[in-house]
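Working notes, structure below.
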Amino acid sequence: MPQAETRAASDRGAATIWTAMAVAALAAVATFALWLGATVMARHQAESAADLGALAAASHASEGPARACERARWVADSMGVRLRTCRWQQLDALVEVEAPGPALAGLPSPSAHARAGPADEPSHPPTALSPSGLGGTPIRPLGAGG
């Protein structure tokens, strides 16, 4: 029996070690999940700022490219991101921004780019929809029987 007692004594504290390893693994997973969530939020912030900055620049295009890009910079600053570039390609404003995000060695900061400009004019005026254009489904006013 002395051998059984020796074996039981050598296993003493094993559950504590396994529990500590499990807690460390869960903490690592939770930390990664929080980092990933913060990165996704920063990316969404950058995308929104790029979209709004490009729209702001395009809406002020008549004031000249410099003034229009100043509007894009104002939008970027207001949204807490950094305007990387603002340039023009014909009548379209091209805006690129960078958001502050959680830093991880070797990975770039979240960034986004957007393009905005005038809508194309239709080549012909819109025509009324016919039932044949809807797959033959008849159009009836609400409440009409039949």
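The table for this structure:
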quantity: Per-peptide average of other Cβ atoms within 10 Å, ordering 69-79, 20-30 highest first; calculated: 69-79, 20-30
quantity: The range 67-108 shape via C-alpha gyration tensor axes, a/c threshold 1.5; calculated: oblate
quantity: Taking the range 1-110 and dividing mean pair separation by its residue count, relative contact order in percent (alpha carbons under 8 Å, at least six apart); calculated: 22
quantity: Average Cα contact separation per residue, the range 56-122, under 8 Å, 6 or more apart, as relative contact order %; calculated: 26
quantity: Stretch gain in nm, segment residue 115-residue 35, where the contour uses 0.36 nm per residue and the Cα spacing is subtracted; calculated: 25.9 nm
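No lab work stands behind these numbers, since they all come straight from the coordinates. Just so we're clear, the structure is a prediction, and the values are computed from it rather than from any experiment. Neighbour counts are summed over all protein chains in view; Cβ atoms, including those assigned to glycine, are modelled from backbone coordinates with ideal geometry.
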